[in-house]
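Notes follow once the structure below has been shown.
The values are calculated or read from the model by the stated rules, or taken from the named source; none is laboratory data. Everything quoted here is computed from the prediction, not taken from an experiment. No Cβ is skipped: glycine too gets one built from the backbone with ideal geometry, and neighbour counts run over all protein chains shown. Keep in mind that these areas ignore ligands, DNA and RNA; they rest on the heavy atoms of the full protein, side chains included. Shrake-Rupley method; radii C 1.70, N 1.55, O 1.52, S 1.80 Å.
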Amino acid sequence: MKIKKISHQFHIYVSIFLLPMALLFAITGIVYIFGLNQDFGAKKQKWVVEEVIPQEKQFDFLIDFLLKHHIKLPSDMNPRDYRGALLVGSAKYAITLEVKNNQTIIQSVQRGLLGNMIMLHKAKAKWYFDILSVAFGISLVLFYISGVVMTAFCKNKRKEMALCFLAGLALTIFLGYLSL
């Protein structure tokens, strides 16, 4: 009976602790399915410079450009490559510089609350939140295991629980197969 009590305590306290994560993933997953992505409500700007900036001078050019045009600097000015473009900033506010067709294109994106939440869901932000996300995923598996342990003592409901599980498994496989 001690394992049932431990499962119950784990289930209660960890699920309450991780409830904000569950809400974040549920909300962002639903809105993403309905077509809203991380750029929903984002403020975007684009500037085109009619010259090619050599790669070794791009970061300095970008800093000068931002200062000259009084454009807000991102908090993270560590330059990195993103799909062939120079990127500075974070998931919340980023600026890219890309050379294309004899032009240099500078773009900024400042995401709103929902866009930031979707970036967290997609693990496109800093690694700190990713650790909590992985812990949340592992805890979901443990929640189901602890739930099964807690209900395993309901001997009069085992047949119904097994049938319910099999129905859920069959529907998941069937709809998953049809969807692919």
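Using only the alpha-carbon atoms, how far is helix 58-68 inclined from the longest principal axis of the chain? Give it as 0 to 90 degrees, nearest 10.
80
Using the Karplus curve 6.51 cos²θ - 1.76 cosθ + 1.60 with θ = phi - 60°, work out ³J(HN,Hα) for each residue of the range 126-137 in order, rounded to whole Hz, and write x for Gly and Pro.
Per residue, the Karplus-derived 3J(HN,Hα) values read 6, 5, 4, 5, 4, 4, 5, 5, 5, 4, 5, x Hz.
Take the solvent-accessible surface of the protein heavy atoms, probe 1.4 Å, and return the percent of it on the chain that carbon and sulfur atoms account for. Can you show the working numbers first?
Numbers: 8490 of 12830 Å².
Heavy-atom surface of the chain belonging to carbon and sulfur, 1.4 Å probe: 66 percent.
Tilt of helix 158-179 relative to the longest C-alpha principal axis of the chain, in degrees (0 to 90, nearest 10)?
Approximately 30 degrees, to the nearest ten.
How much accessible area does ILE3 have with a 1.4 Å probe, in Å² rounded to the nearest 10?
Here the accessible area works out near 110 Å².
With loop defined by DSSP as not H, G, I, E or B, and exposure as at most 13 other Cβ atoms within 10 Å, which is the longest segment of the chain clear of exposed chymotrypsin sites (Phe, Trp or Tyr not before Pro)? Before the final figure, lay out the partial values.
Working: sites that count: PHE34, PHE153.
Between exposed loop sites, the widest span is 35-152.
Could you pull out the pairs from LYS100/LYS126; LYS72/LYS92; LYS46/LYS92 whose alpha carbons sit more than 19 Å apart here?
Over 19 Å Cα-Cα: LYS100/LYS126.
Sorted from largest down, what three extents in whole angstroms do the Cα atoms of the chain have along their principal axes?
Extents along the principal axes, in whole Å: 76, 38, 27.
Which cross-chain or sequence-distant (5 or more) residues have an amide H under 5 Å from the amide H of ASP76, H modelled 1.01 Å from N in plane?
The answer is GLY89, SER90.
Please give the charge dipole size of the chain, origin at the Cα centre, charges +1 on K and R Cβ atoms and -1 on D and E Cβ atoms. Round to the nearest 20 debye.
Computed charge dipole of the chain: roughly 1060 debye.
Please check the chain for the longest run free of GluC sites (Glu not before Pro) that are loop-located per DSSP (anything but H, G, I, E, B) and have at most 11 other Cβ atoms within 10 Å.
The segment 52-180 is the longest one with no such site.
Report the trypsin sites (Lys or Arg not before Pro) located in the range 28-93 that are in a DSSP loop and have at most 15 other Cβ atoms inside 10 Å of their Cβ, or state none.
Taking the range 28-93 and a limit of 15 other Cβ atoms within 10 Å, the loop trypsin sites (Lys or Arg not before Pro) found are LYS72, ARG83.
Per DSSP helix of 4 or more residues, -39500 (n - 2.57); summed, then divided by the residues of the chain. What does that give at 222 nm, rounded to the nearest 500?
Result for the chain: -18000 deg cm²/dmol, rounded to the nearest 500.
Relative to the longest principal Cα axis of the chain, at what angle does helix 2-17 sit, 0 to 90 degrees, rounded to 10?
The answer is roughly 30 degrees.
Just the accessible area per residue of the chain, please: how many Å² with a 1.4 Å probe?
Heavy-atom SASA per residue in the chain reads 71 Å².
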